[in-house]
Amino acid sequence: MIDSGFETTSLRMTLLLLISFQAPAADVDRIMDAVVAIAPLAMGKYDRNAYQSAHGIERYRPLEGAAAGAETELRRRPGTVEVSFELPDDQALAARVVEAIFQAHSYQEPVIRIQPILASRSKGLDDRANPNRWWNTTGDWKKVAVSEVENA
């Protein structure tokens with residue numbers, strides 16, 4: 001098990017925390033606004049870095065004491081997603097962020113997870129000529145004009 005960071009020619013592998021939560025897709029922007037008010041989620045020359053999964057189905061059954069009241073049937077809620085992002089390995093910061101998620105979330109018992117990870121951070125080397133980089137390819141997701149990238 002690797003328990004410390006390391007470097008390669010192009011990047012650093014850094015000890016970080018992976019924070020993930022599940023929520024209805026409609027709640028994600030509100031929750032993430034609360035998160036980035038505390039931590040910018042920076043990665044190199046980008047911020048607000050997070051990943052959101054495709055819509056899934058959440059399964060649960062409210063028990064006695066639940067805000068929805070006890071039910072006998074299993075509920076299936078479509079449109080639930082998982083969002084994940086990385087934070088520095090800082091317990092005080094993580095505590096503030098998970099509290100913000102809890103306060104902005106619509107659930108009585110939101111699913112919030114924290115895992116220690118090794119995550120890559122580029123050393124920022126000049127790789128403008130790399131044929132594999134998005135600015136040198138023609139993926140249909142590419143929305144920025146090449147001239148805008150060249151002027152950046």
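Which residue fluctuates the most in the chain, going by a Gaussian network model with Cα springs under 10 Å, if the choices are 116, 78, 131?
Among 116, 78, 131, the largest mean-square fluctuation in the Gaussian network model of the chain belongs to 131.
Could you give the nm distance between label points at residue 6 and residue 111, where each point is 7 Å from its Cα heading toward the beta carbon?
Result: 3.3 nm between the two label points.
Provide the net charge surrounding residue 15, with neighbours chosen by a C-beta distance below 14 Å and charges set as Lys +1, Arg +1, Asp -1, Glu -1.
Local net charge: -3.
Given R₀ = 41 Å, what would the calculated FRET efficiency be for residue 102 paired with residue 125, taking r from the Cβ atoms and rounding to 0.05?
Using R0 = 41 Å, I get an efficiency of 0.55.
Give the angle, between 0 and 90 degrees and rounded to the nearest 10, that separates the Cα long axis of helix 91-104 from the longest principal axis of the Cα atoms of the chain.
So the helix axis and the longest Cα principal axis differ by about 60 degrees.
Counting other Cβ atoms within 10 Å, which trypsin sites (Lys or Arg not before Pro) in segment 104-134 have at most 16 and lie in a DSSP loop?
Those that pass, being in a loop and sparsely packed, are 123, 128, 133.
Considering only the other residues whose Cβ falls under 12 Å of the Cβ of residue 6, what net charge follows from Lys and Arg at +1 and Asp and Glu at -1?
Its environment carries a net charge of 0.
Here are a few candidate values for mean projected area of the Cα convex hull in nm²: (1) 12.6; (2) 11.8; (3) 15.9. Which one was actually calculated from the structure I just gave you?
Step by step, mean projected area of the Cα convex hull in nm² for this structure corresponds to label (1).
A short reminder: the numbers here are calculations on the coordinates, not readings from a lab. No experiment lies behind these values; they were computed from the predicted model shown. Here Cβ is always computed from backbone atoms with ideal geometry, including for glycine, and neighbour counts include all displayed protein chains.
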